[in-house]
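Since the structure comes first, as structure tokens, the remarks are kept for the end.
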Amino acid sequence: MKKLDKQDIKRRDDIISRLHAAQEELEAAVAKYNEELRIRWADVEIAKDALNAVLDDARAYVADMKSQIDDFISEHDTKWAEGKKGQAYSTWSDEYEAAFLADAEVEQPDELLELDENYIETLEDLPTEVEE
């Protein structure tokens, strides 16, 4: 065999044609995915911002409740504060102080990248006959 026959070349050309179609389909799917990702990410950002706004309210509530508990404690004398009830109120205040309500954070995923490989060019560049 010195060179590919017509049937082998036709087979290669058919594969190249199918590669073109399949690669275009994949590129279109990647582009569509990336576009949807950008659109959906905006929805995620809006929901995250809404949650963080409620968390602001929750932090303000916790701070207010701690302040009210501390005010109640400060209205009593030292004997009361050192007693069983005072210690219970102090523990209650500490629990509010320890409450940690951090903002929600969500990282945007990376977009899909297009193919680096050029399968078509690789197949097209294969020699069709022996080089002597």
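Yes or no, residue by residue, for (1) in a loop (DSSP other than H, G, I, E, B); (2) over 30 Å from Ile39 (Cβ atoms):
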site	(1), (2)
Lys85	no, yes
Tyr89	no, yes
Trp92	no, yes
Tyr96	no, yes
Asp103	yes, no
Pro109	yes, no
Leu112	yes, no
Glu121	no, yes
Pro127	yes, yes
Practice item. Show the residue pairs that are 6+ apart or on different chains and have beta-carbon atoms under 6 Å apart, the first residue being within the stretch 121-132 and touching a residue at least 12 places away in the same chain (Cβ under 8 Å), the second being surrounded by 10 or more Cβ atoms within 10 Å (Cβ to Cβ) and of a type outside the set (Phe, Trp, Tyr). Key: Leu123/Ile16; Thr128/Lys3; Thr128/Leu4; Glu129/Lys3
**Study point:** Test result for Leu37, in a helix (DSSP H, G or I), surrounded by 14 or more Cβ atoms within 10 Å (Cβ to Cβ) and at pLDDT 95 or above
**Key:** no
Study note, to complete from the structure: Flagged pairs (Cβ under 7 angstrom, 6 or more apart or on separate chains; first in the stretch 106-119, closer than 27 Å to Ala47 by Cβ; second among the hydrophobic types (A, V, I, L, M, F, W, C) and surrounded by 11 or more Cβ atoms within 10 Å (Cβ to Cβ)) are Val106/Val44; Gln108/Trp41; Pro109/Leu37; Glu111/Leu37; Leu112/Val30
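Among Lys32, Lys48, Lys66, which is under 13 Å from Asp103 (Cα atoms) and either basic (Lys, Arg) or assigned to a helix (DSSP H, G or I) (or both)? If you could, list the steps in order and put the result at the bottom.
Numbers: Lys32 fails: under 13 Å from Asp103 (Cα atoms); Lys66 fails: under 13 Å from Asp103 (Cα atoms).
Result of the check over Lys32, Lys48, Lys66: Lys48.
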Check your understanding: Got at least one residue in the stretch 78-101 being loosely packed, with under 11 Cβ neighbours inside 10 Å and under 30 Å from the mean Cα position of the chain (by Cα)?
Key -> yes
Check your understanding: Restricting the stretch 102-132 to residues that are surrounded by 10 or more Cβ atoms within 10 Å (Cβ to Cβ) and β-branched (Val, Ile, Thr), which is farthest from Ala60 (Cα to Cα)?
Key -> Thr128
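The values are calculated or read from the model by the stated rules, or taken from the named source; none is laboratory data. Just so it is clear, the model here is predicted, and its values are computed rather than measured. FYI the Cβ positions are ideal-geometry reconstructions off the backbone, even for glycines, and counts take in every protein chain you see.
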